[in-house]
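The values are calculated or read from the model by the stated rules, or taken from the named source; none is laboratory data. Being a predicted model, the structure only gives us computed values, none of them experimental. Cβ coordinates were reconstructed from backbone atoms using ideal geometry, including for glycine residues, and neighbour counts include every protein chain displayed. Accessible surface areas use protein heavy atoms only, side chains included; no ligands, DNA or RNA. Shrake-Rupley method; radii C 1.70, N 1.55, O 1.52, S 1.80 Å.
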Amino acid sequence: MQRELFIFGQTHGLTPSLCLRLYKQFGPEATAILQREPYRAAREVQGIGFKTADKIAINTGIPNESPQRIDAGIEFVLQELQDEGHTAYPTDQLTANAAETLQAEPTTISSGIARLLESKALRATEARDGATYLQLPHNFFAEEKIADSLKRLQDTESGLPPIKRDLAVEWAEEKAGFTFADSQRQAIKGSLAHKVFILTGGPGTGKTTILRAVVSILKAKKAKIALAAPTGRAAQRLAESTRAYAQTIHRLLKFDPSQGGFVMNESKPLSADVVIVDEASMLDARLAAALLQAVPSRAHLILVGDIDQLPSVGAGNVLKDFILSRKVRYVTLDVVFRQKKFSSIVHYAHAINRGEVSLPTPLEDVRQLDPKKDFQFLSAADQSDAARKVADVFKIFVSQELVLDPIADAQTLAPMRKGQAGVDNLNQLLQETLNQSSQAMPFGTLKFKVGDKVMQTRNNYDKNVFNGDIGIVTRLDGVNGLIDVSFDGADVSYDKSEMIDLQLAYAVSIHKSQGSEYPVVVIPLLKAHFMMLQRNLIYTAVTRGKKKIVIVGEPAAYAMAVRNSDAKSRCTLLQEFIHG
């Protein structure tokens with residue numbers, strides 16, 4: 001049976017690892033399901049996808065306008081829109097998109113939408129603007145649950161002991177050893193006064209100072225505090241800044257693979273009086289729904305983040321939707337306090353946010369980079385030149401001038417995956433430049449080496465590794481087709497069918513870097529990246545650097561990004577649900 005599946009799969013362009021996944025999912029029926037119901041395989045097996053299923057369907061004689069193709073195609077279009085961050089989409093626009101994608105008549109698409117609504121594979125909501133929006137069920141339930149949980153929290157009295165907020169602020173100032181600014185005082189009082197509160201602001205505006213003060217006050221009042229962040233690195237930074245225990249949201253909520261969900265939920269809430277979440281701009285709708293449901297009704301929820309950064313990688317725009325709904329109290333910090341200590345990076349980050357195009361004098365050669373300067377621009381003529389210079393920055397500037405580990409201490413953040421100065425090509429170039437290990441295992445177009453920096457690309461709750469986690473390859477077992485990866489000291493083993501979830505991470509997309517900070521950040525930025533050149537993108541990249549930023553590319557591309565404040569808006573229904 002397996003042999004038959006591998007022969008059929010090879011004929012239709014499926015890799016051996018995908019065939020293994022199919023067999024794990026469907027057993028001996030896998031080949032028959034691919035032949036009769038290829039779109040079911042696309043729904044149920046990670047890595048197959050609608051386009052692959054569509055090719056199989058064409059080759060096995062399934063008609064273009066068959067209900068199974070149209071219905072799967074509509075879901076595929078919504079999933080593609082979900083990948084762009086949308087949790088919902090207007091019915092008329094979805095119909096037009098699907099008709100074009102599937103090369104079908106709009107009436108055929110409308111019939112498919114009707115079938116999907118009847119089977120509850122889609123959900124429809126009439127919004128206040130009079131338009132009807134369609135959602136995949138998980139996005140509908142996520143946004144509905146967020147709104148319900150927000151109302152539950154705000155309608156329930158606080159369980160905190162009485163706190164004299166003015167005196168608490170004075171006590172925190174004395175403990176900190178300096179006087180807080182008015183906006184910082186407001187933020188501390190707001191965090192203690194309101195059941196749900198948002199603290200937002202750019203780098204250097206004092207978010208860490210406020211968090212430390214709030215945590216100190218709550219500890220003095222013997223309150224139970226749960227500190228969390230979306231990524232491991234962000235949780236580690238939160239723990240260091242507050243001097244208290246912090247963990248990832250996934251670990252806080254305790255995912256149980258056997259149940260297929262989080263252990264902590266509305267019926268089994270967290271044991272906490274206050275839940276504080278840092279890097280909250282990274283919260284997508286589904287994770288936010290799980291989090292809010294687990295917050296006890298009498299507890300406070302404090303969300304801390306920078307709304308000028310890129311929104312979450314997953315679908316939704318939770319932090320911004322909360323603020324725009326006008327139903328959640330918030331304070332925006334806009335005074336920079338650390339300008340002297342971190343002058344250049346903080347200065348340029350805020351200049352970007354204001355739309356000011358200012359750059360240090362562009363340098364022509366890597367050897368001109370100054371180890372004492374923290375923000376520098378290296379000119380590149382084109383993508384090929386930029387790629388070579390990025391590699392030289394690691395080999396010459398980071399390794400020799402800064403005397404840092406180029407793999408552990410420096411990170412390339414690129415706007416796009418494709419192109420010579422894109423994530424994929426830069427990863428191969430940097431692997432060749434930085435990793436001389438002779439131990440290698442080929443996997444598709446990639447090869448993994450011992451010592452490689454790699455990234456997990458989807459949540460795997462069984463292995464306790466999550467989308468965006470970065471690790472180092474520690475062992476290759478070519479005989480059994482296994483790779484071991486160390487994620488913050490925890491070893492995780494991957495077989496061939498699971499390696500599809502790993503990619504090299506010498507370079508990552510700017511989006512994937514959210515929630516992380518690196519001592520040295522290298523950013524290729526060229527006019528060839530024009531599709532992605534937006535202010536919030538370059539702002540997010542620059543604010544990832546702790547000590548050094550080197551931008552490699554064209555000054556004109558930097559100017560294009562800074563001037564372009566028209567970030568693609570996301571279509572969500574969270575505000576609709578909040579307003580009822």
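The table below lists the values:
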| quantity | calculated |
| --- | --- |
| Selection status of Ser312, in a loop (DSSP other than H, G, I, E, B), out of contact with any Cys (no Cβ under 9 Å at 6 or more places or on another chain), free of Cβ contacts under 8 Å to residues at least 24 places away in the same chain and of a type in the set (Gly, Ala, Ser) | no |
| Matching option when the condition is open to solvent by 20 Å² or more (accessible area, probe 1.4 Å), in a helix (DSSP H, G or I), modelled with pLDDT of 85 or more and touching a Gly at 6+ places or on another chain (Cβ under 7 Å), among Thr101, Thr107 | Thr101 |
| Test result for Arg152, assigned to a helix (DSSP H, G or I) and open to solvent by less than 70 Å² (accessible area, probe 1.4 Å) | yes |
| Positions within the stretch 432-483 being of a type in the set (Val, Ile, Thr) and within 26 Å of Ser516 (Cα to Cα), in sequence order | Thr433, Val450, Val454, Thr457, Val465, Ile470, Ile472, Val473, Thr474, Ile483 |
| Residue count for the stretch 468-489, restricted to those that are over 15 Å from Ser437 (Cα atoms), in a strand (DSSP E or B) and free of Cβ contacts under 8 Å to residues at least 12 places away in the same chain | 1 |
| Ile323 in contact with an Asp or Glu (Cβ under 8 Å, 6 or more places away or on another chain), touching a residue at least 40 places away in the same chain (Cβ under 8 Å) and not basic (Lys, Arg) | no |
| Pair list, Cβ < 9 Å and 6+ apart or interchain, from the stretch 409-421 residues that are outside any strand (DSSP E or B) to residues that are aromatic (Phe, Trp, Tyr) and at pLDDT below 95 | Asp409/Tyr518 |
| Selection status of Pro90, open to solvent by 10 Å² or more (accessible area, probe 1.4 Å) and without any contact (Cβ under 8 Å) to a residue 12 or more places away in the chain | no |
| Within the stretch 389-407, considering residues that are free of Cβ contacts under 8 Å to residues at least 24 places away in the same chain and part of a helix (DSSP H, G or I), the one surrounded by the most Cβ atoms within 10 Å (Cβ to Cβ) | Ser399 |
| Some residue of the stretch 155-164 being loosely packed, with under 13 Cβ neighbours inside 10 Å and touching a helix residue (DSSP H, G or I) at 6+ places or on another chain (Cβ under 8 Å) | no |
| Pair list, Cβ under 8 Å, 6 or more apart: the stretch 542-558 residue polar (S, T, N, Q), other residue not in a loop (DSSP other than H, G, I, E, B) | Thr543/Ile345; Thr543/Ala349 |
| Matching residues in the stretch 519-533 - criterion: being open to solvent by 10 Å² or more (accessible area, probe 1.4 Å) and touching a Lys or Arg at 6+ places or on another chain (Cβ under 8 Å) | Pro519 |
| Thr208 vs. criteria in contact with a helix residue (DSSP H, G or I) (Cβ under 7 Å, 6 or more places away or on another chain), open to solvent by 40 Å² or more (accessible area, probe 1.4 Å), under 30 Å from Asp409 (Cα atoms) and among the polar types (S, T, N, Q) | yes |
| Pair list, Cβ < 8 Å and 6+ apart or interchain, from the stretch 217-246 residues that are without any contact (Cβ under 8 Å) to a residue 60 or more places away in the chain and charged (D, E, K, R) to residues that are surrounded by 16 or more Cβ atoms within 10 Å (Cβ to Cβ) and part of a helix (DSSP H, G or I) | Arg243/Arg212; Arg243/Val215 |
| Matching residues, the stretch 134-149, being closer than 19 Å to Phe76 by Cβ and either at pLDDT below 95 or open to solvent by 30 Å² or more (accessible area, probe 1.4 Å) (or both) | Pro137, His138 |
| Enumeration of residues in the stretch 223-240 that are open to solvent by 20 Å² or more (accessible area, probe 1.4 Å) and over 16 Å from Leu287 (Cα atoms) | Lys224, Ile225, Arg233, Gln236, Arg237, Ala239, Glu240 |
| Residue, farthest from Glu266 (Cα to Cα), within the stretch 297-318, restricted to residues that are open to solvent by 20 Å² or more (accessible area, probe 1.4 Å) and over 12 Å from the mean Cα position of the chain (by Cα) | Asp308 |
| Residue match in the stretch 20-43 (condition: at pLDDT below 90, open to solvent by 30 Å² or more (accessible area, probe 1.4 Å) and assigned to a loop (DSSP other than H, G, I, E, B)) | yes |
| Residue list for the stretch 490-527, filter: among the hydroxyl-bearing types (Ser, Thr, Tyr), within 29 Å of Asn480 (Cα to Cα) and out of contact with any helix residue (DSSP H, G or I) (no Cβ under 7 Å at 6 or more places or on another chain) | Ser493, Tyr494 |
| When residues of the stretch 524-541 are limited to those that are touching a residue at least 40 places away in the same chain (Cβ under 8 Å) and part of a loop (DSSP other than H, G, I, E, B), the one farthest from the chain's Cα centre (by Cα) | Leu526 |
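One line per residue, one yes/no per condition, for (1) open to solvent by 10 Å² or more (accessible area, probe 1.4 Å); (2) under 27 Å from Phe397 (Cβ atoms):
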site: Gln503; (1), (2): yes, yes
site: Lys512; (1), (2): yes, yes
site: Tyr539; (1), (2): no, yes
site: Asn564; (1), (2): yes, no
